[in-house]
Amino acid sequence: MNVTRKPVHSPSALYLEPLSLVGMDRWLDNCFGQARDQISPHKLPRIFFRADDVAIPDTNILRLMRLFQTYRIPLALAVIPAWMTPDRWTAFQEMDRNSPDLWMWHTHGWRHVNHEPDGKKQEFGPSRMTDMLTSDLENGLKRLARILSDRLTRVFTPPWNRCDDRTMSHLKRLGYVAISRYRNSLPTVPPGIVDIPVNVDLHTRREPIPLDGWHALGLELLQGLVSGQCGVMIHHTRMDDAAFVFLDRLLSRVNKSDWLRPVHLYPPIQFSE
Ligand SMILES: [Zn+2]
């Protein structure tokens, strides 16, 4: 098994033409102001953050974790089991021990490999033989449980945010308590599994024109906040300096907004120091 792979991705177009700091603050004023005007004061929205494709303790993931540490905002880390090794976990452990209350480590598939010959990418999709699919599911959980021990939470984030109904039907048997995909994903979750979708995509956006990307991202964030539960998806492998600056401003805004409740992805209770 090759555990040294490292994906190389370019940032989404919006970060290639980033907003100025003043423009960014205006953008956030506009988005957060509209959200605050639309929410009920009796039901303050929750916000959580999920970082995908975690396993290699490289500069970007450590920079990302330090940013969340600075603002004391919790982060769910979706770990690719086949890429995680005891040595890599040791490298994460210093950060983990410094702020254990901030991190929620959970599984992100098995090898993050696409098995679908056509259509959307999936590791746990309809083209897999059932026994191969379930053994990958079990292998992912067992490997991370062995390496991360009691720091692992039994939440499943499928690669590319999708999996089939056979995968769903095995989650509870394996001891999973929740799944996190993109909003409005199918199939629906079976009884006993909590559905915790994300609804904001910071780094894998496809709009080719930067201004369109900023506009669409603003709408997602606004809709997520107004819906009462805003889940923000992060891909550190695609983050450049501009993406880090924007996330810094976003976390600072979340930190200062007394009408917003930063929570863990799971359990979704308010985070308090
Ligand atoms: Zn992924």
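The values are calculated or read from the model by the stated rules, or taken from the named source; none is laboratory data. None of the values given here were measured: they were computed from a predicted structure. Here the Cβ positions follow ideal geometry from the backbone for every residue, glycine too, while neighbour counts run over all protein chains shown. Areas reflect the complete protein model, heavy atoms only, side chains present, ligands, DNA and RNA absent. Shrake-Rupley method; radii C 1.70, N 1.55, O 1.52, S 1.80 Å.
Simple rule: put +1 on each Lys or Arg Cβ and -1 on each Asp or Glu Cβ in region 135-209, find the dipole, and look at His170, Ser149, Leu186; the Cα lying farthest toward the positive end is Ser149. Taking every alpha-carbon pair under 8 Å whose residues sit at least 6 apart, the chain reaches a relative contact order of 31 percent.
In sequence order, region 151-161 has phi-based couplings of 7, 8, 9, 7, 10, 10, 10, x, x, 6, 6 Hz under the Karplus curve 6.51 cos²θ - 1.76 cosθ + 1.60, θ = phi - 60°, and Gly or Pro positions carry x. Take the Cβ atoms of His42 and Glu207, set R0 to 35 Å, and the FRET efficiency comes out at 0.50.
Computed over protein heavy atoms with a 1.4 Å probe, the accessible surface of the chain works out to 46 Å² per residue. Check which residues have an amide H placed less than 5 Å from Met104's amide H, if you skip close sequence neighbours. Excluding prolines and chain starts, which carry no amide H, the hits are Leu75, Ala76, Leu77. In sequence order, region 252-258 has phi-based couplings of 4, 5, 4, 4, 8, 7, 6 Hz under the Karplus curve 6.51 cos²θ - 1.76 cosθ + 1.60, θ = phi - 60°, and Gly or Pro positions carry x.
3J(HN,Hα) couplings calculated from phi for region 62-70 with the Karplus curve 6.51 cos²θ - 1.76 cosθ + 1.60 (θ = phi - 60°) are, in sequence order, 5, 5, 5, 5, 5, 4, 5, 5, 4 Hz; Gly and Pro show x.
Approximating the spin labels as points 7 Å out from Cα along Cα→Cβ, the Arg72-to-Asp131 distance works out to 5.3 nm. The distance between label points at Arg26 and Lys256 comes to 1.7 nm (points 7 Å beyond Cα on the Cα→Cβ vector).
Along the charge dipole of region 13-262, Cβ charges K/R +1 and D/E -1, which of Thr204, Ser20, Gln223 sits furthest on the positive end? The residue sitting farthest along the positive end of the dipole is Gln223. Hey, for a label at His9 modelled as a point 7 Å past Cα toward Cβ, could you say which residues of region 46-80 have their backbone N under 18 Å away? Within reach of a label on His9, which here means backbone N under 18 Å from a point 7 Å along Cα→Cβ, region 46-80 contributes 49-65, 76-80.
Taking the chain as the region of interest, the number of lysine pairs whose Cα atoms are within less than 30 Å, with members eight or more places apart or on different chains, is 9. I'd like the accessible area for Ser135, computed on protein heavy atoms only with a 1.4 Å probe and all protein chains in place. Round to 10 Å², please. So the heavy atoms of Ser135 present about 50 Å² to solvent.
For the chain, the mean residue ellipticity at 222 nm estimated from helices alone is -12500 deg cm²/dmol, where every DSSP H run of n ≥ 4 contributes -39500 (n - 2.57) and the total is divided by all residues, rounded to the nearest 500. Amide H to amide H, with H built 1.01 Å from N, Glu116 comes under 5 Å of Gln122, counting only residues 5 or more places away or on other chains. Distances between placed amide hydrogens fall under 5 Å for Cys230 paired with Arg46, Ile47, Phe48, all partners being 5 or more residues away or on another chain.
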